[in-house]
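Structure, as structure tokens:
The values are calculated or read from the model by the stated rules, or taken from the named source; none is laboratory data. Since we're looking at a predicted model, the values are computed, not measured. Glycine gets a Cβ as well: all are built from the backbone with ideal geometry, and neighbour counts include every protein chain shown.
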Amino acid sequence: MIPLSIPNLTGREAEYLQQCIETTFVSSVGPFVNLFEEKVAEAAGASFAVATSAGTTGLHVALKAIGVGRDDLVILPSFTFIASANAIAYCGASPWLFDVTKESWTLDPELLAKQLAAETHQEGDSLIHNVTGRRVAAVMPVYTLGMPADMDSIVRIAKDYKLPVIADGAAALGATYKGHPSGKLEADLTVYSFNGNKTITAGGGGAVTGEDAELLKLVRHLSNTAKVGEAYHHDRIGFNYRMTNISAAVGCAQLERLVEFVAIKRKIQKTYNEALANLPGMGVLSQPYWAEGACWLSGVTMPNVESAESLRDRLKGNNIEAKPFWKPIHLQPMFLNSPATEQLVSSDIWARIVILPCSTGLTESEQSKVIKTIRSFS
């Protein structure tokens with residue numbers, strides 16, 4: 001079976017893990033955690049980074065740090081992985097679900113401006129959602145497939161309404177936006193994931209990056225059980241969201257190859273796009289003018305749900321792994337009652353996507369087999 005997206009562990013991972021074992025630094029204290037944070041901040045173009053146990057826990061603690069609380073609303077594109085919405089729910093808040101643009105599959109800034117103008121009002125220092133009476137606490141754009149959203153527009157609108165911006169950049173390390181690294185786009189905080197299927201993995205884990213030293217200090221404090229000193233005093237409800245030194249060791253070895261891996265991912269996507277773009281009824285993943293994505297995953301869009309399912313079946317029948325993509329949040333049972341805009345794009349595209357093999361270890365012959373199988377299907 002040609003796998004979809006598996007880690008490439010052919011660097012110094014084993015060497016660094018052996019160091020963890022020999023020094024007994026295997027838990028949340030150790031030199032690799034500090035080094036990992038330094039490397040992530042550098043790669044993201046940010047001044048600070050705090051390592052966390054997962055991308056999801058990073059999102060949760062970031063939301064808590066900027067003050068999202070019970071019964072608040074957080075603006076979120078519906079076309080995202082469930083973790084984005086779950087992190088909001090962990091705060092006792094709810095997502096206000098927005099559609100994405102057809103060109104980028106990221107939060108639609110024109111829709112954002114329109115809905116905020118039409119559906120909110122100011123009460124003192126709080127922005128209130130007219131229908132529900134709930135405070136709108138933040139905006140969370142998602143960098144779909146490692147592609148930054150139109151952040152200049154989104155941040156400008158958010159600032160007009162004094163809303164903090166927490167970017168879910170889970171797979172976007174290595175991406176650029178108008179020439180700038182993905183962590184330097186004026187979001188208050190940007191969160192990355194290092195899950196096993198990401199381009200850069202730590203076996204798990206996440207990181208929160210940003211420019212505000214005090215805000216990142218609070219993120220670190222909350223993720224370390226809000227512990228003060230060594231006498232087991234805790235000054236607020238905190239979380240045990242720390243990354244282990246073992247995970248960080250793997251992550252450090254992976255980050256040494258970030259540029260190499262992102263280049264491979266981009267080449268794989270470009271090869272698919274060039275080979276498949278002109279097939280009848282088939283679409284390829286677009287790249288908006290403002291960014292060069294990290295190309296975490298590659299794939300195609302099909303004319304309808306049935307053809308997408310048929311293509312996945314054909315590929316699997318030829319020992320090629322292929323999968324669907326995110327089911328939008330507005331269709332998930334836990335969030336059916338969340339406020340939402342009309343979802344013309346999200347509802348249309350999600351079930352027509354076929355994700356194709358794109359591991360950094362994918363060989364040219366393997367990719368050729370995938371392409372030939374798709375061409376014979378069309």
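What to note about this one:
- Cβ pairs under 9 Å, 6+ apart, first in region 85-112 and in the same structural domain as G67 (by TED's automatic domain parsing) and closer than 17 Å to I166 by Cα, second among the aromatic types (F, W, Y) and assigned to a strand (DSSP E or B): L107/F98; D108/F98; L112/F98
- Which numbered condition K265 misses (of (1) more than 23 Å from C358 (Cα to Cα); (2) surrounded by 19 or more Cβ atoms within 10 Å (Cβ to Cβ)): (1)
- Close pairs from region 355-376: first assigned by TED's automatic domain parsing to the domain that holds G317 and without any contact (Cβ under 8 Å) to a residue 24 or more places away in the chain, partner acidic (D, E) and not in a helix (DSSP H, G or I), Cβ under 7 Å, at least 6 apart: none
- Hits in region 1-57 (condition: more than 18 Å from the chain's Cα centre (by Cα), among the small types (G, A, S) and buried (at least 17 other Cβ atoms within 10 Å of the Cβ)): G11, S28, G30
- Failed condition for K327, given (1) of a type in the set (K, R); (2) surrounded by 19 or more Cβ atoms within 10 Å (Cβ to Cβ); (3) more than 21 Å from M1 (Cβ to Cβ): (2)
- Criterion: within 23 Å of the chain's Cα centre (by Cα), closer than 18 Å to I66 by Cα, in the same structural domain as S28 (by TED's automatic domain parsing) and crowded, with 18+ Cβ neighbours inside 10 Å - qualifying residue of G210, G205: G210
- Residue within region 213-220 that is in the same structural domain as H60 (by TED's automatic domain parsing), surrounded by 22 or more Cβ atoms within 10 Å (Cβ to Cβ), in contact with a helix residue (DSSP H, G or I) (Cβ under 7 Å, 6 or more places away or on another chain) and not β-branched (V, I, T) present: no
- Single residue of region 58-76 satisfying the filter (in a helix (DSSP H, G or I) and out of contact with any Ser or Thr (no Cβ under 6 Å at 6 or more places or on another chain)) that is surrounded by the most Cβ atoms within 10 Å (Cβ to Cβ): A62
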